[in-house]
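Engineer: First the structure, then my questions, so here it is.
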Amino acid sequence: MIDIHCHVLPGIDDGSKDLDMSLQMLGIAEEKNTTKIIATPHYYRGSYENEFKHILAHVENLNAEIKNRGINVEVFPGQEVFVDKYTLDAYKEGTIHCLNTSKYMLIEFPMDVLPDDAIDIIYELKLLGIMPIVAHPERYLYINGNIMNINKFIEERCLFQLNTSSIMGLLGSRVKEAAFGLMDNGLCHFIASDAHSTGKRCPNLGIVMKDIKKDYREVYNSVQRNAQCILNNEIIDVEVKKIEKKKGLFSFFFKK
């Protein structure tokens, strides 16, 4: 399996605190059948300004350690880009980049209020040839409070990545219901761990995908295929439809 969102690089953001933790996280990932991980440290102006050229060096160093330790996981470079009015310039300057060598960029927004210019910035990114992937939309209050608000992103042909912790209910029932609502509406193009440590937010993609395979086989197949498309820089051809009305938000944990 391929985890496209993971804070596994040591000591550069709010994820892994050191090399030992990174190696432990990789061990968990390997145990749960994840063999490829895109490292996505935050690029968040004023907090975690991890430039892509530096991430390349960190990934190279971590892969060298992985090889020395005999861990069967390969790490690829990426970023989780917090979108703001400087994002376009940062991309043009090479400060931020897409996932690995692809045209797919993992982007995030404030949790509470969507900025007025957010959709316009997405539009401008697309003009530069970037395919936006919205990280964990189920966590945003303006989406889990009213799932219809995701239509603003759908109008710009965004793709969506859900977190394993959301699906497992670790972030509360409201976030969990939003995650399943998005899956039920065909708006889950990726599932990723968004792992930050060896605790609750660990690289647990394999655990969640077992249940997804059982109850959401179409989602299971598509997220696997889409993740590989990122690494191959291939076109992800999906039809993204607006939500016309709410559907039932039921968790597979309660299905019989």
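The values are calculated or read from the model by the stated rules, or taken from the named source; none is laboratory data. These numbers were taken from a predicted model, which means no experiment stands behind them. Cβ sites come from the backbone with ideal geometry, for glycine too, and all protein chains shown count toward neighbours.
Engineer: Hey, can you tell me all the residues within the range 93-110 that are in a loop (DSSP other than H, G, I, E, B) and surrounded by 12 or more Cβ atoms within 10 Å (Cβ to Cβ)?
Structural biologist: At the first step, the residues of the range 93-110 found to be in a loop (DSSP other than H, G, I, E, B) are 94-103, 109-110.
Across the range 93-110, the qualifying residues are Thr95, Ile96, His97, Cys98, Leu99, Asn100, Thr101, Ser102, Lys103, Phe109, Pro110.
Engineer: Next question. Are any of the residues in the range 225-247 within 22 Å of Tyr142 (Cβ to Cβ), touching a Leu at 6+ places or on another chain (Cβ under 8 Å), of a type in the set (Val, Ile, Thr) and assigned to a loop (DSSP other than H, G, I, E, B)?
Structural biologist: Within the range 225-247, the first condition is being within 22 Å of Tyr142 (Cβ to Cβ), and the residues that meet it are 240-247.
Now drop any that are not touching a Leu at 6+ places or on another chain (Cβ under 8 Å), which leaves 240, 243.
Narrowing further to those that are of a type in the set (Val, Ile, Thr): 240, 243.
Right, trim to assigned to a loop (DSSP other than H, G, I, E, B) and you get 240, 243.
Checked against the condition, which is being within 22 Å of Tyr142 (Cβ to Cβ), touching a Leu at 6+ places or on another chain (Cβ under 8 Å), of a type in the set (Val, Ile, Thr) and assigned to a loop (DSSP other than H, G, I, E, B), the range 225-247 yields at least one hit.
Engineer: Do you know which residues across the range 39-81 are in contact (Cβ under 8 Å) with a residue 60 or more places away in the chain and in contact with a His (Cβ under 7 Å, 6 or more places away or on another chain)?
Structural biologist: Across the range 39-81, the qualifying residues are Thr40, Glu80.
Engineer: Would you check which residues across the range 111-122 are of a type in the set (Asp, Glu) and outside any helix (DSSP H, G or I) and list them? Please lay out each step first, then the result.
Structural biologist: Of the range 111-122, the ones of a type in the set (Asp, Glu) are 112, 116-117, 120.
Residues satisfying the conditions are Asp112, Asp116, Asp117.
Engineer: Working only within the range 163-181, note down all residues that are aliphatic (A, V, I, L, M) and touching an Asp or Glu at 6+ places or on another chain (Cβ under 6 Å). Even if it seems obvious, please write down each step before you answer.
Structural biologist: From the range 163-181, those aliphatic (A, V, I, L, M) are 167-168, 170-171, 175, 178-179; that's our starting set.
Within the range 163-181, Val175, Ala178, Ala179 qualify.
Engineer: Failed condition for Leu182, given (1) modelled with pLDDT of 95 or more; (2) aliphatic (A, V, I, L, M); (3) touching a Lys or Arg at 6+ places or on another chain (Cβ under 8 Å), with all others met?
Structural biologist: Here Leu182 clears every test but (3).
Engineer: If I ask for residues that are more than 28 Å from Pro110 (Cβ to Cβ), surrounded by 21 or more Cβ atoms within 10 Å (Cβ to Cβ) and either out of contact with any Gly (no Cβ under 7 Å at 6 or more places or on another chain) or among the acidic types (Asp, Glu) (or both), which ones from the range 29-49 would you list? Steps first, please.
Structural biologist: Here is the first cut: in the range 29-49, the residues more than 28 Å from Pro110 (Cβ to Cβ) are 29-36.
Narrowing the set further to residues that are surrounded by 21 or more Cβ atoms within 10 Å (Cβ to Cβ) leaves 29, 34.
Of everything in the range 29-49, just one residue is more than 28 Å from Pro110 (Cβ to Cβ), surrounded by 21 or more Cβ atoms within 10 Å (Cβ to Cβ) and either out of contact with any Gly (no Cβ under 7 Å at 6 or more places or on another chain) or among the acidic types (Asp, Glu) (or both), namely Ala29.
Engineer: So, one more: Residues being more than 12 Å from Ala135 (Cα to Cα) and hydrophobic (A, V, I, L, M, F, W, C): count how many of those fall in the range 154-174.
Structural biologist: Residues flagged as more than 12 Å from Ala135 (Cα to Cα) and hydrophobic (A, V, I, L, M, F, W, C) within the range 154-174 amount to 5.
Engineer: What number goes with the only condition from (1) part of a helix (DSSP H, G or I); (2) buried (at least 16 other Cβ atoms within 10 Å of the Cβ); (3) of a type in the set (Asp, Glu) that Asp84 does not pass?
Structural biologist: Checking Asp84 against (1) part of a helix (DSSP H, G or I); (2) buried (at least 16 other Cβ atoms within 10 Å of the Cβ); (3) of a type in the set (Asp, Glu), the one that fails is (1).
Engineer: Can you tell me which residues in the range 175-206 are over 13 Å from the mean Cα position of the chain (by Cα), closer than 21 Å to Thr35 by Cβ and either in a helix (DSSP H, G or I) or of a type in the set (Gly, Ala, Ser) (or both)?
Structural biologist: Residues satisfying the conditions are Ser197, Gly206.
Engineer: Check Asp13 against each of (1) closer than 15 Å to His196 by Cβ; (2) at pLDDT below 95 and name the one condition it does not meet.
Structural biologist: (2)
Engineer: Let me ask another. Please note which strands (runs of 3 or more DSSP E) are completely contained in the range 1-75 and include at least 2 residues that are touching a Pro at 6+ places or on another chain (Cβ under 9 Å) and within 28 Å of Asp89 (Cβ to Cβ). Steps first, answer last, please.
Structural biologist: Details: elements: 2-6, 36-39, 42-44.
Filter on the range 1-75 gives 36-39.
Engineer: Scanning the range 1-28 for residues that are surrounded by 24 or more Cβ atoms within 10 Å (Cβ to Cβ) and of a type in the set (Val, Ile, Thr), which turns out nearest to the chain's Cα centre (by Cα)?
Structural biologist: Checking each candidate, the answer is Ile4.
Engineer: Among the residues of the range 59-81, count how many are loosely packed, with under 14 Cβ neighbours inside 10 Å and in contact with a Phe, Trp or Tyr (Cβ under 8 Å, 6 or more places away or on another chain).
Structural biologist: 0
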